[in-house]
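One structure is given here, and the rest of the page talks about it.
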Amino acid sequence: MIYFIGAGPGAVDLITVKGAKILSEAGMIIYAGSLVNYELVKKYSRPDCEVYDSAGMTLEKIFEKFLEAHEKNLTLVRLHSGDPSLYGAIREQIEFLKARWIPFEIVPGVSSLFAAAAALETEYMVPEVSQSLIISRVSGRTEAPEKNFSVALFLSSGMIEKACEELINKKNFLPSTPAALVYRASWPDEKIIRGTLSTLPELAKQGGINKTALILAGDFLDEDIKTKSKLYDKNFSHGFRP
């Protein structure tokens, strides 16, 4: 079994309880050494655990370890900084596992985004001041597209028709843009509905979901995307891999 685990923002005690438990049981760990606090690995890993730093590894080398762990029936933890969904470069890793029917699970983590707000003793959402948060980066060696963005709407599933209409009419999303509704994420009764911005309201109605759900929209939900991160590309050098 392969687990993608969010290590949190850096503090050893800000990994989730579930993440720490799986980390302590792993037979192999591949951690993102450029950002993950190694003290986490030292604190939670077994003495006989095989540990690899992915900072100097290519995607192909990571895949080799996936296959090795699977063949040995080892629990492998792929330890990412913060939360794996934010700049985690996990999509191509997941595609590799799915293509080979290798089971995996993603365990969310605490992003530095939230640790920063806690350090500042503030919140991002202030009534009549700010109700939206942009997560982005400036362009570097990897371009940051100006027009492609993803949306997560909180507190809006009871007005899903209005929400989808506004994304289409005011944010210039196409009606065919992939969209999803995630009801009670991580709860035992979690439900996921996938569709497009034009079909999601009706699908939500059919599923009886009108509260406690996130509305997600954007091309990131397109399962046929072939774009890959350059982070582990063997032809892309960086400070940890010449």
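Laboratory data are not the source of any read-out in this text; all were calculated from the coordinates shown. It should be emphasised that the depicted structure is a prediction, and the values quoted were computed from it without experimental measurement. Backbone-built Cβ (ideal geometry, glycine too); neighbour counts: all protein chains shown.
Before moving on, here are some points about what is shown:
- Hey, L76 in contact (Cβ under 8 Å) with a residue 40 or more places away in the chain, surrounded by fewer than 17 Cβ atoms within 10 Å (Cβ to Cβ), within 25 Å of L14 (Cβ to Cβ) and under 23 Å from the mean Cα position of the chain (by Cα) or not: no
- A single member of A99, A20, A11, A117 is out of contact with any Pro (no Cβ under 8 Å at 6 or more places or on another chain) and crowded, with 16+ Cβ neighbours inside 10 Å, and it is A20.
- Applying the criterion of being more than 17 Å from the chain's Cα centre (by Cα) and among the hydrophobic types (A, V, I, L, M, F, W, C) to the residues of the range 1-13, the residue that is farthest from F66 (Cα to Cα) is A11.
- Answer residue from the range 18-51, given it is more than 21 Å from the chain's Cα centre (by Cα) and among the hydroxyl-bearing types (S, T, Y) and is nearest to M1 (Cα to Cα) among those: S24
- Condition check for I102: more than 30 Å from R137 (Cα to Cα) and part of a helix (DSSP H, G or I): no
- Of all residues in the range 39-60, those satisfying the criterion of being under 27 Å from V12 (Cβ atoms), in contact (Cβ under 8 Å) with a residue 12 or more places away in the chain and part of a helix (DSSP H, G or I) are E39, L40, V41, K43, Y44, S54, A55, G56.
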